[in-house]
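Below is one structure, written out as structure tokens; the observations come after it.
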Amino acid sequence: KIEAGTFNFVTGEIDVNQMCHEIINSLQLKVSSQVELRFEEHLPRYIIVADKNRLTQVITNFINNAVKFTAKGYIEIGYELSADGKSILISVKDTGKGIPDDKKEKVFERFQKLDEFAQGTGLGLAICQSIVHTFHGSISLESEVGVGSKFTISLPYTPGLELEERT
């Protein structure tokens, strides 16, 4: 539906802190007692314009993937403003098993599974990438085998939305 242009997106202003807290609260019970799900130190208040349900879907997918491959340590959601101030960078970082260099590009392709025994169809990251591209953003991946992975979404940011008076 996304590729055919028939998928409906409902854009609006999103309080990034509130969204991240909601995601953490909804997924806390999926994480084993050996893994801490946490919200990294973050900025006081940031508002972005996107589809909250779809952005939540992307971040939730990153966390669910991290849960599958992180036996101990942490899974951390966080965000920051890019150096040029034009993008907001939302990331999910884990201390999981990591992704080999030769597989990093393939994880965003359809039906790609690095572990055939892991749950899922291998479509999640391909769908996430399509959703993020719809918002004129991008996804990047940093990973080291045995250390963990970090998926980062870069979305356009318009300064000042969080300063406007709300009535």
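Listed values, structure above:
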{"item": "Test: residue in region 76-89 that is part of a strand (DSSP E or B) and over 16 Å from the mean Cα position of the chain (by Cα)", "result": "no"}
{"item": "Hey, P44 surrounded by fewer than 16 Cβ atoms within 10 Å (Cβ to Cβ), in contact with a helix residue (DSSP H, G or I) (Cβ under 9 Å, 6 or more places away or on another chain) and not hydrophobic (A, V, I, L, M, F, W, C) or not", "result": "yes"}
{"item": "One residue from K93, K103 being under 12 Å from the mean Cα position of the chain (by Cα), among the basic types (K, R) and over 18 Å from Y157 (Cβ atoms)", "result": "K93"}
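Yes/no per residue for (1) within 17 Å of S143 (Cβ to Cβ); (2) open to solvent by 50 Å² or more (accessible area, probe 1.4 Å); (3) of a type outside the set (A, V, I, L, M, F, W, C):
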residue: Q28; (1), (2), (3): no, yes, yes
residue: E36; (1), (2), (3): no, yes, yes
residue: K52; (1), (2), (3): no, yes, yes
residue: K68; (1), (2), (3): yes, yes, yes
residue: I75; (1), (2), (3): yes, no, no
residue: G78; (1), (2), (3): yes, no, yes
residue: S87; (1), (2), (3): no, no, yes
residue: S91; (1), (2), (3): yes, no, yes
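The values are calculated or read from the model by the stated rules, or taken from the named source; none is laboratory data. For clarity, every value in this text was computed on a predicted model and none was experimentally measured. Using ideal geometry, Cβ is built from the backbone for each residue, glycine included, and neighbour counts are taken over all protein chains shown. In case anyone asks, the SASA skips ligands and DNA or RNA and just uses the protein heavy atoms, side chains included. Shrake-Rupley method; radii C 1.70, N 1.55, O 1.52, S 1.80 Å.
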